[in-house]
Amino acid sequence: MKKDNLTYEEAMKKLQQLTEELEKGELTLEETVKLYDEATKLSGYCTGLLNNAKLRISEMAEKKEEE
């Protein structure tokens, strides 16, 4: 899976799917660790996208105030 090509919405949907699979409790330990690792990375990716969006909005608001 290439995270860099995912939109925020796609990444969140995948994260939700992983969470649901983990919550079922039907996976082996190895599968659980693998999905948890993937979910952790997706969560960080989503956080980065949100932080970038917040920064862009802040910059636009500052620019508007300067006008």
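Checking each residue in region 37-67 for being charged (D, E, K, R) and either at pLDDT 95 or above or assigned to a helix (DSSP H, G or I) (or both) picks out Asp37, Glu38, Lys41, Lys54, Arg56, Glu59, Glu62, Lys63, Lys64, Glu65, Glu66. May I ask you to verify whether Lys34 is at pLDDT below 95, farther than 20 Å from Asn5 by Cα and part of a helix (DSSP H, G or I)? The answer is no for Lys34. Scanning region 37-46 for any residue that is over 12 Å from the mean Cα position of the chain (by Cα) and surrounded by 10 or more Cβ atoms within 10 Å (Cβ to Cβ) turns up at least one such residue.
Taking (1) in contact (Cβ under 8 Å) with a residue 24 or more places away in the chain; (2) surrounded by 14 or more Cβ atoms within 10 Å (Cβ to Cβ); (3) among the hydrophobic types (A, V, I, L, M, F, W, C); (4) out of contact with any Leu (no Cβ under 6 Å at 6 or more places or on another chain) in turn, Leu27 satisfies each apart from (1).
The values are calculated or read from the model by the stated rules, or taken from the named source; none is laboratory data. It should be emphasised that the depicted structure is a prediction, and the values quoted were computed from it without experimental measurement. No Cβ is skipped: glycine too gets one built from the backbone with ideal geometry, and neighbour counts run over all protein chains shown.
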